[in-house]
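Please read the structure below before turning to the comments.
The values are calculated or read from the model by the stated rules, or taken from the named source; none is laboratory data. What you see is a predicted model, and the numbers here were worked out from it, not measured in a lab. Glycine also receives a Cβ, built like all others from the backbone with ideal geometry; neighbour counts cover every protein chain displayed.
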Amino acid sequence: MRLSHLVRLGAACLAFALSWGEPAKAEPLAKDLFGAKRLPAATPPAVYGFYSKGCFSGGIAIAADGPHWQAMRLSRNRRWGHPELVRLIEKLSREAAQDGWPGLLVGDLSQPRGGPMLSGHASHQIGLDADIWFTPMPVKRMSVAERERVSAVSMLRDNSLYVDDRKWTSAHEAVLRRAASYPEVERILVHPGIKKKLCDTVRGERSWLRKVRPFWGHDYHFHLRIGCPDGSPGCTPQTPPPPGEGCDSSLAWWFTEEPWKPAAGPAKPRARDVMRMSALPTACQAVLDAPSPPSEATVTLTGSGALPAIAATMPPVPAGSVDPASYLLSLQPEQLPVPSPRPAH
Ligand SMILES: [Zn+2]
């Protein structure tokens, strides 16, 4: 072989070695792309992927203020969800008020087009998750600054896994019962101590306890999760929880040391810190590339509960679209975080 051939071969090998492993490096992180979007994809509502790995289009925002709610941490721009979720929150705020809950303090839903977040939650990626504070809404309207600053109150006794009875009220039970009553709601995540409180104290009809699942965190807020909406074949459902109220040995496990031990071995990077577009459903690139609506106001649900102007022109979202038989409640194994004191959810 002549020298020039060897040089060319070497150059080809070098080029191959350089290109190999480079696409991943060049490909931006999905959280940076989705985190930069200020408005949703102005297309019919559709969900792609799973709660912890996906995106959605046709999202709408819940207004910062409604008759029975105030949205918190407005700077995060996470008031976005699938229209079915946003309408459900409006309904819950109204019906819970009839039950004696003064109003909802609404925490994070999703980013405008979903996807992994720059900080916080591992789920909340497909517009079907919402955090609602356990702190009842105050009578006064909070300023934007107060909504950044005010802290939620833990329902637990200090340094304890158990509910503080000075904070827990029958109204807390009522708002959870109301939320669980909706067929669209598949799971409500709460701290194990709160689940135990419900197991110990709920009287009468108790089948709704099946939807209330113990999880890390969630002593300051509960996490509402609805099932895959109609019209979203790309949405991956979650498997149902085991039958029953969940007040059994599976709950007792949470009161052992095991769930609270630090994870063994070296810390693994968080999924959002390594997730690239190639890990998400292919449709998520189209969701990123889709045009925005003309303004936030045109896609914001206000107190009337009516769909905002642009969303009203999209195919209607059928009410109660989830078949109760298909409740998909139990955590999928890959969803379970590595045990650590308080992982993001
Ligand atoms: Zn949450």
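Output the residues belonging to region 237-272 that are surrounded by fewer than 15 Cβ atoms within 10 Å (Cβ to Cβ), charged (D, E, K, R) and more than 22 Å from the chain's Cα centre (by Cα).
Within region 237-272, 248, 257, 258, 261 qualify.
Might you check whether a residue that is closer than 30 Å to residue 196 by Cα and among the hydroxyl-bearing types (Ser, Thr, Tyr) occurs anywhere in region 272-288?
No; the residues of region 272-288 include none that is closer than 30 Å to residue 196 by Cα and among the hydroxyl-bearing types (Ser, Thr, Tyr).
Which one is surrounded by the most Cβ atoms within 10 Å (Cβ to Cβ), of the residues in region 273-300 that are part of a helix (DSSP H, G or I) and of a type in the set (Ser, Thr, Tyr)?
Checking each candidate, the answer is 298.
I need the full set of residues from region 123-150 which are within 16 Å of the ligand (Cβ to nearest atom) and assigned to a loop (DSSP other than H, G, I, E, B), in order please.
Answer for region 123-150, where residues must be within 16 Å of the ligand (Cβ to nearest atom) and assigned to a loop (DSSP other than H, G, I, E, B): 123, 124, 125, 126, 127, 128, 134, 135.
Would you please list the contacts, defined by Cβ atoms under 7 Å and residues six or more apart or on different chains, that run from a residue in region 126-140 that is of a type in the set (S, T, N, Q) to a residue that is not in a loop (DSSP other than H, G, I, E, B)?
Note: pairs meeting the criteria are 135/105.
Answer yes or no as to whether residue 211 is among the charged types (D, E, K, R), more than 16 Å from the ligand (Cβ to nearest atom) and touching a residue at least 12 places away in the same chain (Cβ under 8 Å).
No.
Could we say that residue 166 is surrounded by 14 or more Cβ atoms within 10 Å (Cβ to Cβ) and away from the ligand (no atom under 16 Å from the Cβ) here?
No; evaluated as a whole, the condition is false for this residue.
Do we find that residue 62 is in contact with a strand residue (DSSP E or B) (Cβ under 8 Å, 6 or more places away or on another chain), crowded, with 21+ Cβ neighbours inside 10 Å, within 25 Å of residue 30 (Cβ to Cβ) and at pLDDT 95 or above in this structure?
yes
Looking at 276, 206, which is the one that is touching an Asp or Glu at 6+ places or on another chain (Cβ under 7 Å), away from the ligand (no atom under 16 Å from the Cβ), of a type in the set (D, E, K, R) and over 30 Å from residue 167 (Cα atoms)?
So the residue among 276, 206 that is touching an Asp or Glu at 6+ places or on another chain (Cβ under 7 Å), away from the ligand (no atom under 16 Å from the Cβ), of a type in the set (D, E, K, R) and over 30 Å from residue 167 (Cα atoms) is 276.
In the set 76, 113, 94, which member is of a type outside the set (A, V, I, L, M), surrounded by fewer than 24 Cβ atoms within 10 Å (Cβ to Cβ) and within 16 Å of the chain's Cα centre (by Cα)?
Testing whether each residue is of a type outside the set (A, V, I, L, M), surrounded by fewer than 24 Cβ atoms within 10 Å (Cβ to Cβ) and within 16 Å of the chain's Cα centre (by Cα) leaves just 76.
Mind checking whether some residue in region 36-43 is at pLDDT 95 or above, small (Gly, Ala, Ser) and more than 17 Å from residue 299 (Cβ to Cβ)?
Within region 36-43, one or more residues are at pLDDT 95 or above, small (Gly, Ala, Ser) and more than 17 Å from residue 299 (Cβ to Cβ).
Just one of the numbered conditions (1) assigned to a loop (DSSP other than H, G, I, E, B); (2) modelled with pLDDT of 85 or more is not true of residue 252; which one?
The one condition residue 252 does not meet is (1).
Restricting the search to region 214-226, which residues are away from the ligand (no atom under 12 Å from the Cβ) and more than 14 Å from residue 187 (Cβ to Cβ)?
219, the sole residue that qualifies.
Name the pairs: first residue in region 105-125 and closer than 18 Å to residue 38 by Cβ, second residue surrounded by fewer than 24 Cβ atoms within 10 Å (Cβ to Cβ) and hydroxyl-bearing (Ser, Thr, Tyr), Cβ to Cβ under 9 Å, at least 6 apart or on different chains?
112/292; 116/52; 124/52; 125/52
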